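The values are calculated or read from the model by the stated rules, or taken from the named source; none is laboratory data. Just so you know, these numbers come straight off a predicted model, no measurement behind them. Cβ sites come from the backbone with ideal geometry, for glycine too, and all protein chains shown count toward neighbours. Please note that ligands, DNA and RNA were not included when accessible areas were found on the heavy atoms of the full protein model with its side chains. Shrake-Rupley method; radii C 1.70, N 1.55, O 1.52, S 1.80 Å.
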Amino acid sequence: MSSLSGSVADCGGTANITEDNSSKHRTVQAATMLRMHGARRSPVIESFNYSAQVARIVSEQHLGRTVTDRMRHARIIALGDRKSSVAQSPCLIASESDISDLGDSLTVALAPLVSAHDSSSLPAELVLRARAPLAHPFEDPAPEWRVTLGHTLPPSLATADSGLSRAGVGEVMPVSWQRMLHDEVLADPQTIPGVLVLTDALQLAQHPGRLVRALAVLRTRHPVSLIWCPGLSGPDNLALLTWFGVDLHDLGRSRQAASAGALLSSSGPRRPDASLEESTEMDRQLAAWVDELANVRQAIRDGTLRELVERRALNSSRLVEHLRFHDRLMRASLGESAAKREQLTVEDEQALTLLPSPPLARKVPDGRRWRCNSATSTNDALIADWIQRMEDDHTPPSTQSKVLVLLPCSKRKPYRLSNSHWRFRRSLRRRNLHEVMVTAPLGLVPRELEDLWPAAHYDIPVTGDWGSSELEDITRLVRALVSRVGYELVINHSGIDIDADVEVIDTRQGDTAGSEAALARLQQASEDAAERYHSGERMSEREHLLDKFRALSRWYHGTDEWLADAKVVGRPPDWKIFVADEQFAQWHPRAGRFAFAKASLPLLADTNTLSRVHLQPGPDWKGDVFGPMVDSIEGDIRVGDDVLVLRDGDLLGTVRSLAAAWEYSGSPGRLARAKHRL
Amino acid sequence: MTSCGSGCSTAFPNPDRTVKVHHLVKAPENTASSVSFRESWDADEPATVYVTPERLPNGEECTAATVIFRTKGCVWWWKSGCTFCGYFNDVRDDVTSANLHAQWEYAKQKLNDFEDCSMVKIYTSGTFFEDRENPPDWQETILTETHEMGLHLIVEARAEMCKSEKMAWVAERHPGCTVAIGLEAYDDEVLKFHCNKGFSTRQWERAVTILRDNDLRVKTYLLFKPPFMSEGDALEHCVRWVRDSAEASDELSINPMNIQRRTIVDRMFRHREYRPPWLWSLVELIRRVHPVIQPNGTEAVTRLLVHPTAAGKIRGAHNCGKCDKHVAAAIERYSVSGDLTEFSGLACECQSRWRAEIELDLALPIPLGCGLDRRGDVVAALLSP
């Protein structure tokens, strides 16, 4: 077993990867760039073989890495032997002075790596040393890597390439903006560094938008790598940098703060409180780091990192800018029509040609909330994705295409569980009316989608006042929906003035939504509308449910073809979907998903309903799906998706994805858990 | 994968044609503002004439005249140019011998034929004795007249221009004059990448030999903190360059970087990617090289001069703003006295910030450094980039 085995451990110990055949399985990596959003489109597939790159850097030891938790581009990565890792990212890289100054308080778990800068001759070299045996065979001595930084021109001179003394290539790899623009080695699929060091991150941060462009490209193109922006990190920006995909940090700015008699806290730099005899020594600075590292790691696990990011962004105007630039880039990468909505720079456009769609989730664990407490929350790609798909794509149940009923949202989610909606629904006894909730920040949430992420999970502070952009979104979405679906009547119980090219009945007339008068008007209007547009139509609950499931399937999968010959059976709330007298799926309203039965897989494959992951050739597929097993993917895989597993065109089963599409090009660790095996 | 202008694949799309640093150095020369500035001056008047206190080669204190001529500039600038040099702002290709003679007459007139001066420094934004730059008849006028007036002459030159034949010609007309060469760094990587200097340390060594063979004095300029280099690396390396070039030099002048308009360094400075050196770095440099210059209290190997241009200004070597005056004055005093006690008792609260920057530059992989703003509120300077 060569030193390569470190990367085998990275892939996690899948049942079918043994040391004997590992060389075959290591020959796997997929680089998939999918410029898709929401439902599946014609995918662009790019795949490549991993073997050459392995051969290329055979002489180096590889840092053991396994992703254990993730949220978007932020990940917790266990370092070392995955069975007993000694540290996890985000974590610190210490300097020799840090270790001598801080002693035992700078534990290996906190700072598993030590860096040194050797500039005895220029260009300088970086020496990165592990403090524990983090590379295979995970025995002493701890690994050490040495690499030349090369000559680095600053970002303002990026059009130039000195062509002199390029930075080195290997397990630890220095990168600069100039290198990204001029050095072919970074785009070479055979380049798979364990640690990417963005050596001019401090300078890039001074150029509007460039830091996040560089990080977005590096992060998604090198999911296998840990990223370090030396000199940039602090407890005040740790959450943001982690959100952008940075894994490793240093105490540089804390040392600068200590030298200036200031404390770098998670709220930014400040003077110490003299009355509390507060210290600014390095041990106190380290305590701020420990606290924020814990905050960030736990926020990744809890799925609340975005909230923390929004709080920390306020620590400096630069951070606000970085977050806005990043949000804009992520929104634009939802697809062409999304990109058109943004005011992009030429460099943004260039970055977009490289970025996969943003790593959103389609389903989240039970109990998760999405708290939109700041105005910044609405800039997130998750919100933009919902709004854009509502505006451009969503087609409601076919039997609900004549009358649109606009209702106010409720604090309780899903809305149907709220008291107010219970009362609305008593006034809306006809199934042919399309109920759509008016809300912020999602704009519109149709009844058939109310159990889905993030419609069933968002929270927003309610004051009763609408923001102008919220009203704009709602008006635009209603007009788009009216135009696309072709409603003939809108019953407006939302309380918002709606101006659409169709007859609108205001059932509120200034009253509160739950008032007897308003509810009576709602009931009357709905009865009249049903009589007018659906007179004599009868529809069973199950027919109606099938129609709703088709709409849900279109939203999730871009197609409802698999439901063409289906029927709904069973009892609420766990309705079952049968095709040819065999159960193909079950709808789980609490999870907001279809649970597909094994029998449905061939049909799902034939109807192109699910995304696909193609495995490299090898022995029987037994375990889950790990990064190095993947040859290529098709479709915009989001977290929580069910994905078909194929090898050589043969359907092997399904998995439930833990990762989004960008991670399928080599992310270390488990990408998806097996659900069915044929 | 993306294609850059030359058809290669890079990590980030690069539709622009890749250029060399050379092109960036040259680009500002042809901007409208640069052209109009150059055309604004009178070619019959030198750029500057002034006097300063100085020391003669024998150590005697004296008054020195400095005359900066408006010339055709530097042969190397015509081909390429140094990354930090803004002298192109002061040159024009239509300057004639008559213009130069008129400038010389102007200077003599202004300083009463140098009646109080024992030394004259002739700066031509290039190589004084390079015939393509300056007409030989004018060179001869300067050399012979200053010799006849008994003035010690200092002229500047590029290393590769110091050819045997020409140096003999110079020495014949003004024996024992000083030729100052901007070596900048005793490191070929730095000369090539950081300075785009256009000559090597070997060429400088050859020039020194030729100058010594002709009994001419050698003055060497070293540049403190060239571009694309951190403060920490600059300090460490400049110490080495002093050590390696001291014995070959009769005088060693360390020039801390100052930001000259329209240069590469100016561009970086405006993008907050480069900050001129700390005055504390110069103090530290002097402390470290002092034992090399004056080993064991014996006679100095060379004379070490540190004259920070624009000291205390934001475009020159500077500290926090409170201590700049005192520190710069101490550095100037050292250049005269060669005595380390000039720095005794010198202290400021910004010193710890300077030290942290040096330590970080030498600990982290940040080739462009981690310098923060040194002026204003220290807490505001620490806000997240």
All positions within the stretch A:279-296 that are away from every other protein chain (no Cβ under 14 Å) and either among the acidic types (Asp, Glu) or open to solvent by 40 Å² or more (accessible area, probe 1.4 Å) (or both) = A:279, A:283, A:284, A:287, A:290, A:291, A:294, A:295
When residue A:303 is run through (1) open to solvent by 10 Å² or more (accessible area, probe 1.4 Å); (2) on the phi > 0 side of the Ramachandran plot, the failure sits at (1)
State the number of residues belonging to the stretch A:306-318 that are open to solvent by less than 40 Å² (accessible area, probe 1.4 Å), in a helix (DSSP H, G or I) and within 11 Å of another protein chain (Cβ to nearest Cβ).
-> 2
Among the residues of the stretch A:623-636, is any surrounded by fewer than 24 Cβ atoms within 10 Å (Cβ to Cβ), touching a Pro at 6+ places or on another chain (Cβ under 7 Å) and either of a type in the set (D, E, K, R) or under 22 Å from residue A:65 (Cα atoms) (or both)?
-> yes
Quick one: would you say residue A:454 is more than 22 Å from residue A:426 (Cβ to Cβ), open to solvent by 10 Å² or more (accessible area, probe 1.4 Å) and under 35 Å from the mean Cα position of the chain (by Cα)?
-> no
Given (1) within 23 Å of the chain's Cα centre (by Cα); (2) within 29 Å of residue A:501 (Cβ to Cβ); (3) open to solvent by 10 Å² or more (accessible area, probe 1.4 Å); (4) charged (D, E, K, R), where does residue A:413 come up short, assuming only one miss?
-> (2)
From B:47, B:64, B:43, B:27, which residue is of a type outside the set (Val, Ile, Thr) and within 14 Å of chain A (Cβ to nearest Cβ)?
-> B:27
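Out of the stretch B:269-286, which residues are facing chain A (nearest Cβ under 10 Å) and touching a helix residue (DSSP H, G or I) at 6+ places or on another chain (Cβ under 6 Å)?
Here is the first cut: in the stretch B:269-286, the ones facing chain A (nearest Cβ under 10 Å) are B:269-274.
B:271, B:273, B:274, listed by residue number.
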The listed residue being more than 14 Å from chain A (Cβ to nearest Cβ), of a type in the set (D, E, K, R) and open to solvent by less than 40 Å² (accessible area, probe 1.4 Å), out of B:148, B:156 = B:156
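With a cut-off of at least 2 residues that are over 19 Å from residue A:321 (Cα atoms) and aliphatic (A, V, I, L, M), name the strands (runs of 3 or more DSSP E) lying wholly within the stretch A:177-250.
A:195-198, A:226-228
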Within the stretch A:323-351, considering residues that are within 14 Å of chain B (Cβ to nearest Cβ) and open to solvent by less than 10 Å² (accessible area, probe 1.4 Å), the one nearest to residue A:205 (Cα to Cα) = A:323
So how many residues does the stretch A:154-173 have that are of a type in the set (A, V, I, L, M), out of contact with any strand residue (DSSP E or B) (no Cβ under 6 Å at 6 or more places or on another chain), open to solvent by less than 20 Å² (accessible area, probe 1.4 Å) and within 7 Å of another protein chain (Cβ to nearest Cβ)?
-> 1
Can you spot a residue in the stretch B:240-249 that is of a type in the set (Asp, Glu), over 22 Å from residue B:336 (Cα atoms) and out of contact with any Asp or Glu (no Cβ under 9 Å at 6 or more places or on another chain)?
-> no
Kindly indicate whether any position in the stretch A:139-147 is open to solvent by less than 40 Å² (accessible area, probe 1.4 Å) and either within 23 Å of residue B:361 (Cα to Cα) or under 26 Å from the mean Cα position of the chain (by Cα) (or both).
-> yes
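For the stretch A:195-206, how many residues are buried (at least 20 other Cβ atoms within 10 Å of the Cβ), at the interface with another protein chain (Cβ under 7 Å from one of its Cβ atoms) and more than 18 Å from residue A:126 (Cα to Cα)?
Residues that pass the stated criteria total 2.
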Would you point out which residue out of A:592, A:570, A:510 is more than 30 Å from the chain's Cα centre (by Cα) and under 30 Å from residue A:364 (Cα atoms)?
-> A:570
State which residue is surrounded by the fewest Cβ atoms within 10 Å (Cβ to Cβ) when the search covers only the stretch A:473-520 and only residues that are in a loop (DSSP other than H, G, I, E, B) and of a type in the set (A, V, I, L, M, F, W, C).
-> A:502
Neighbours by Cβ (under 7 Å, 6+ apart or cross-chain): first from the stretch A:246-262, more than 10 Å from chain B (Cβ to nearest Cβ) and hydrophobic (A, V, I, L, M, F, W, C); second open to solvent by less than 10 Å² (accessible area, probe 1.4 Å) and in a loop (DSSP other than H, G, I, E, B) | A:246/A:229
If we keep only residues of the stretch A:174-194 that are surrounded by 24 or more Cβ atoms within 10 Å (Cβ to Cβ), in contact (Cβ under 8 Å) with a residue 40 or more places away in the chain and farther than 15 Å from residue A:354 by Cβ, then the residue farthest from the other protein chains (Cβ to nearest Cβ) is A:194
Is there a residue being within 18 Å of residue B:360 (Cβ to Cβ) and part of a strand (DSSP E or B) anywhere in the stretch A:284-302?
-> no
Look at the stretch B:81-119 and say how many of its residues are among the aliphatic types (A, V, I, L, M) and either in contact with a strand residue (DSSP E or B) (Cβ under 7 Å, 6 or more places away or on another chain) or assigned to a loop (DSSP other than H, G, I, E, B) (or both).
-> 5
Just one of the numbered conditions (1) assigned to a helix (DSSP H, G or I); (2) modelled with pLDDT under 95 is not true of residue A:354; which one?
-> (1)
